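Before any comments, here is the structure.
The values are calculated or read from the model by the stated rules, or taken from the named source; none is laboratory data. Being a predicted model, the structure only gives us computed values, none of them experimental. Ideal geometry is used to build each Cβ from the backbone, glycine not excepted, and the neighbour counts take in all protein chains shown.
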Amino acid sequence: MFISLLFLIKTGFSQANKNSIPVPTNSQLAWQNMEFYFFVHFGPNTFTNLEWGKGTENAEVFDPKELNCDQWCRIAKAAGAKGIVITAKHHDGFCLWPSKYSTHTVRESSWRNGKGDVLKELSAACKKYGLKFGVYLSPWDRNHPAYGTPKYNDVFVNMLKEIFTNYGPIWELWWDGANGEGPNGKKQVYDFARFERVVRKLSPNTIIFSDIGPDARWCGNEHGFAGKTNWDNLDTAGFKRGAGAPPTDTLNHGNVYGKNFIPAECDVSIRPGWFYHKEEDSLVKTPEQLFEIYLKSVGRGANLILNVPADRRGLFTRYDSASLIGFKKLRDKSFSNDLAEKGTAYFISGSKKRVTKNLSDENNQSFETITEPAVQSLEIALKTPQKINCIVLKENLVKGQRCAEFTLKLLDKDHAMVKEIRDTTIGHKRILTFPATEAKFINLSVKDQKAPTRISEMKIYSIDPVLVEK
Ligand code: FUL
């Protein structure tokens with residue numbers, strides 16, 4: 001133990017863990033490229049003004065007379081979101097599709113005389129608009145009579161089969177860890193291993209999200225903030241979803257030596273609540289607040305699932321859509337002018353340097369590899385000295401997340417240092433903002449890595465100073 005610890009201290013990560021770095025699946029890599037998508041909380045709570053329905057609500061309360069999933073998709077598209085995950089069933093047990101395994105569904109509601117099917121409409125609209133479609137199927141069910149008995153696990157499996165067979169492809173399946181009491185006062189012992197097997201068999205590429213994955217993990221809070229140090233790795237042995245999950249701080253940062261590749265997803269609502277409440281129309285997050293969340297989620301290598309609740313008509317409100325469009329404009333404006341692209345990028349090794357085009361080609365598969373951190377670095381020479389306040393880095397993660405510590409040096413025209421930024425992980429994407437500084441050269445070096453770091457993008461921007469992370 002003592003010897004291996006000494007070895008680690010002396011060598012950093014480079015030698016010790018070379019063979020034990022977990023790697024992503026192709027589905028996980030594709031999922032990380034999605035970066036930002038919507039969550040939609042919708043159901044009886046929308047009509048009863050609750051967050052956690054009791055499961056005793058009369059199904060007839062559900063009556064979204066103007067439901068229009070095309071409108072949701074149009075707004076998602078306009079906001080630059082890449083998909084929509086809907087609460088197919090929340091804790092109240094109400095199913096947004098006419099499930100054969102429940103008597104508390106759209107079929108029992110007054111909506112369209114019980115002939116409506118939200119999942120059918122949304123999955124079709126997502127296809128039409130080129131958006132990915134996902135479902136949140138709450139394991140906790142306060143309505144189902146079988147809840148609290150082994151039979152409920154069969155019910156849950158049957159519901160999964162229904163959804164995956166009739167509404168696929170399902171790109172993401174969302175499970176939370178809530179496990180309260182059902183209608184007969186009992187809690188359920190969930191057979192998650194079986195649930196996972198069923199999903200994998202029906203749809204091997206679906207990303208399963210929960211506190212501990214297996215494919216994507218919770219970021220540990222509902223503010224939408226990933227840790228500044230954010231490893232895509234997590235140790236799950238001995239942990240469960242919900243009460244038995246790793247500490248939230250661990251979920252927030254991941255485990256540096258974590259044995260599994262399970263990147264973080266940040267869930268947050270555009271309003272204080274998850275479901276629609278009229279009194280929150282004035283509390284919709286502003287474009288600037290959403291931008292801050294974006295910096296602290298996508299900008300820290302995680303994905304952002306932003307909840308936009310549909311209202312009682314079955315539509316997104318104008319308050320939410322206005323803010324979402326504003327948010328898109330801020331992103332477009334901030335990241336439209338890559339100053340690095342107009343300059344020249346170099347791979348430097350000791351006294352030698354060569355020009356590289358790999359860092360601004362928007363192609364994650366072209367990258368530069370740092371094999372000798374002591375002598376190698378990447379450097380952007382801007383056309384002229386310019387005030388900059390934002391640097392975006394990307395790591396190619398095909399062989400796992402490798403960079404553990406890096407330094408960015410901002411240098412003037414004589415190569416004298418004007419600012420130094422030190423940080424830890426990069427991951428899928430890292431957006432660093434800082435007070436505007438004039439520089440001509442920007443140099444990235446790696447201070448510690450688990451294995452050779454592969455940098456696929458290095459972009460430089462001057463964004464609106466009010467957007468710089470506080
Ligand atoms: C939690 C639920 O209890 C909340 O109601 C909400 O759905 C959130 C996204 O997940 O576990």
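Of the candidates 227, 238, 273, the single residue that is assigned to a loop (DSSP other than H, G, I, E, B), over 26 Å from residue 433 (Cα atoms) and away from the ligand (no atom under 15 Å from the Cβ) is 238. Are any residues in the range 90-117 buried (at least 20 other Cβ atoms within 10 Å of the Cβ) and either of a type in the set (Lys, Arg) or farther than 27 Å from residue 191 by Cβ (or both), and if so, which ones? The answer is 109, 111, 116, 117.
Would you please name the residue that is surrounded by the fewest Cβ atoms within 10 Å (Cβ to Cβ), looking only at residues in the range 67-86 that are assigned to a strand (DSSP E or B) and touching a residue at least 60 places away in the same chain (Cβ under 8 Å)?
To start, the set of residues in the range 67-86 that are assigned to a strand (DSSP E or B) comprises 83-86.
With the extra rule that they be touching a residue at least 60 places away in the same chain (Cβ under 8 Å), the set shrinks to 83, 85.
Values: 83: 22, 85: 26.
Among those that are assigned to a strand (DSSP E or B) and touching a residue at least 60 places away in the same chain (Cβ under 8 Å), it is 83.
Cβ-Cβ distances below 7 Å connect the following pairs, each with a first residue in the range 29-40 that is closer than 22 Å to residue 398 by Cβ and more than 16 Å from the ligand (Cβ to nearest atom), a second residue that is in a strand (DSSP E or B) and β-branched (Val, Ile, Thr), and a separation of six or more residues or different chains: 31/207.
The rows are residues; the columns are (1) within 15 Å of the ligand (Cβ to nearest atom); (2) at pLDDT 95 or above; (3) of a type outside the set (A, V, I, L, M, F, W, C).
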position: 252; (1), (2), (3): no, yes, yes
position: 256; (1), (2), (3): no, yes, no
position: 265; (1), (2), (3): yes, yes, yes
position: 291; (1), (2), (3): no, yes, no
position: 295; (1), (2), (3): no, yes, no
position: 304; (1), (2), (3): yes, yes, no
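When 383, 409 are checked against the criterion of being more than 17 Å from residue 454 (Cβ to Cβ), touching a residue at least 24 places away in the same chain (Cβ under 8 Å) and surrounded by 13 or more Cβ atoms within 10 Å (Cβ to Cβ), a single residue qualifies: 409. If you go through the range 167-203 and keep only what is within 16 Å of the ligand (Cβ to nearest atom) and in contact with a strand residue (DSSP E or B) (Cβ under 6 Å, 6 or more places away or on another chain), you end up with 172, 173, 174, 175. Within the range 169-198, the set of residues being buried (at least 23 other Cβ atoms within 10 Å of the Cβ), free of Cβ contacts under 8 Å to residues at least 60 places away in the same chain and more than 27 Å from residue 247 (Cα to Cα) comprises just one member, 170.
Restricting attention to the range 86-125, the residues that are under 23 Å from the mean Cα position of the chain (by Cα), among the polar types (S, T, N, Q) and away from the ligand (no atom under 14 Å from the Cβ) total 1.
Candidates 381, 451, 404, 436: the one that is in a strand (DSSP E or B), of a type in the set (Gly, Ala, Ser) and under 30 Å from residue 34 (Cβ atoms) is 404. Screening the range 306-326 for residues that are hydrophobic (A, V, I, L, M, F, W, C) and more than 21 Å from the chain's Cα centre (by Cα) and picking the one that is nearest to the ligand (Cβ to nearest atom) gives 316. In this structure, residue 213 does not satisfy being touching a residue at least 12 places away in the same chain (Cβ under 8 Å), in contact with a Cys (Cβ under 9 Å, 6 or more places away or on another chain) and closer than 19 Å to residue 304 by Cβ. Looking across the range 126-155, the residues that are within 16 Å of the ligand (Cβ to nearest atom) and more than 24 Å from residue 266 (Cβ to Cβ) come down to 141, 142, 143, 147.
Can you say whether residue 209 is within 15 Å of the ligand (Cβ to nearest atom), among the aromatic types (Phe, Trp, Tyr) and surrounded by 23 or more Cβ atoms within 10 Å (Cβ to Cβ), as far as the supplied structure shows?
Numbers: within 15 Å of the ligand (Cβ to nearest atom): yes; among the aromatic types (Phe, Trp, Tyr): yes; surrounded by 23 or more Cβ atoms within 10 Å (Cβ to Cβ): yes.
Judged against the criteria, residue 209 is a match.
Can you work out which of the residues in the range 289-305 that are touching a helix residue (DSSP H, G or I) at 6+ places or on another chain (Cβ under 7 Å) and among the aliphatic types (A, V, I, L, M) is farthest from residue 110 (Cα to Cα)? Among those residues, the one meeting the criterion is 290. Scanning the range 227-272 for residues that are surrounded by fewer than 22 Cβ atoms within 10 Å (Cβ to Cβ) and aromatic (Phe, Trp, Tyr) yields 239, 257. A single entry from 421, 431 fulfils the requirement of being assigned to a strand (DSSP E or B), buried (at least 21 other Cβ atoms within 10 Å of the Cβ) and of a type in the set (A, V, I, L, M, F, W, C): 431.
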